[in-house]
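This report concerns only the one structure given below.
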Amino acid sequence: MTRPELEVEQHVQRQSPDRALSRRDVLTIGVVAMPVVAGCTSPATLGGSSIGGDAAVDPFEGAQAAALSDCGALARHEALIQSLERGDLGALRRVAARAAVHVPTLGISDARIGVLVDALQSVGSGALRFEALAPIRAMGAQRTVTIEQEVLVHSETQSGKQIALSALVLTTWANDRVSRIALYFDAWRLLSQLYGLPDPLKPAQEPTDEQKLAIAQLPAAQQVIASLPFRAGLEQMLLVSAIARGLAQGGQAGIAPALGELASRFTTEPGAGVPRPITVGDVALGASPLEVAYHHIRAEEVDDLAGIESTIHPTDQLWTSTRGYRIEDSLASIVALYRATNVGLDGLTIEVKRVHESIDGGRPEVVVEFQLSAEHVDSLPVAPGKFLLPSSTGNNDFTYPAVVAYSFDRSEGEWRITHERVYFSVLGILSDLGLAPDAETEEGRAALVQLAVLFQQLLQQAGGA
């Protein structure tokens with residue numbers, strides 16, 4: 001066992017002595033820091049609005065190929081992005097012919113580069129453009145370099161509608177070839193822009209008194225349809241899915257029973273939650289950024305709020321790609337969100353898949369790819385009177401892949417998390433719970449397109465009500 005692996009294993013056993021650590025865990029988490037080489041610059045690092053370029057030549061010509069280094073990997077990462085923008089499959093195959101492509105939120109795993117090109121080109125009919133949201137980071141893992149980049153992917157649909165989708169891209173390089181490409185984004189956000197599904201970030205709107213009176217005079221099922229434009233995006237998705245199920249099962253007569261079944265799963269008060277007596281305690285003094293990130297994840301897994309709080313910097317900012325949360329005001333707000341969103345889950349398990357670590361100019365970053373599994377047993381309130389998911393009668397297991405990027409700074413001499421950016425798709429959770437079609441299958445995506453058509457029809461019906 002190498003020294004980095006041994007240090008991580010000792011850390012895990014010290015922080016979570018009751019958790020068995022397999023050899024695979026040690027190999028997965030056993031990373032070593034690799035700082036960005038001084039003087040290694042790029043358009044994205046210098047703050048350019050676009051990563052790619054318009055050059056027609058092979059972008060990989062001239063990029064460092066002989067020795068593995070941060071600068072060489074950075075240059076090749078940017079060349080890869082340029083080729084993706086142009087859809088240049090020939091150039092991509094020369095450098096990524098054997099790369100394993102992962103797009104977890106669309107169910108793509110261990111695919112080839114052509115699948116990624118097809119997936120990106122299906123986003124719209126126009127040329128792609130990748131806008132850098134943050135400087136690219138080089139992360140070392142033994143004899144490879146992983147490049148991490150947060151981007152905004154721009155495209156245009158055939159009807160001329162502009163699409164902008166935030167995503168996190170990871171490319172792993174060994175010598176002059178990319179061995180792995182991972183792309184994380186919110187599948188629901190993409191499908192809402194492509195096909196007109198409810199916008200997951202849409203807030204609820206308050207109808208006027210006149211509108212409320214008109215809605216109240218309608219039959220129950222028609223009340224739901226008439227109120228649809230005023231609902232939040234998540235509620236719109238749940239309601240149109242229920243209406244679609246009712247129509248499939250019994251036509252117009254099936255709508256009311258389907259809506260009634262959905263309503264029975266909602267609650268107006270947050271539940272007491274599932275008690276979790278296990279704690280991991282405060283993070284150890286002198287912990288490295290990697291150790292702080294690992295402790296944070298294990299504290300989340302057992303809902304140890306004090307343990308979570310011990311890892312967070314007083315100025316922490318939390319952002320998620322799916323729900324659009326941006327909490328910047330205080331540490332108390334971050335802890336309040338954890339308290340609110342964890343009460344309805346039982347058997348929460350966070351399986352770490354890959355870990356990447358970087359130290360750049362004294363500002364460390366740790367990126368963790370993971371899979372979260374749990375049983376949904378109660379409502380999940382995200383704010384007073386608002387709920388992420390309806391309540392449940394139990395026996396509702398869900399699993400979803402995600403990635404989180406942690407940034408760190410020192411607080412009273414100790415490394416603490418200052419920024420936490422999470423990329424996942426809540427659509428996968430709804431699918432597992434039987435509340436929406438599955439975006440990871442071709443049949444499910446076809447059903448989502450049909451759902452979008454029904455949604456637009458219902459909005460028109462509501463407007464004429």
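Points to keep in mind about this one:
- By average C-beta atoms within 10 angstrom, highest first, the peptides 252-262, 129-139, 91-101: 129-139, 91-101, 252-262
- Each label was represented as a point 7 Å from its Cα along the Cα-to-Cβ direction; for Asp282 and Glu412 these points are 0.6 nm apart.
- Cβ crowding within 10 Å averaged over residues, with 363-371, 410-418, 182-190 ranked highest first: 182-190, 363-371, 410-418
- Karplus (6.51, -1.76, 1.60) ³J(HN,Hα), θ = phi - 60°, over the stretch 292-300, in Hz, Gly and Pro reported as x: 5, 4, 5, 5, 4, 5, 5, 5, 4
- Nitroxide proxy distance, nm - points 7 Å out along Cα→Cβ at Ser179 and Glu351: 2.2 nm
- Residue list for the stretch 433-465, given a label point 7 angstrom along the Cα-to-Cβ vector of Ala119 and an amide N cut-off under 20 Å: 437-449
- Förster radius 22 Å - calculated FRET efficiency between Ala220 and Gln249, Cβ distance, rounded to 0.05: 0.80
Every read-out reported here was derived from the displayed coordinates using simple, explicitly stated rules and does not represent laboratory data. Quantities reported herein were computed from a predicted structural model and do not represent experimental measurements. Because the Cβ atoms are built from the backbone with ideal geometry, glycine has one as well, and the counts that use them run over all protein chains shown.
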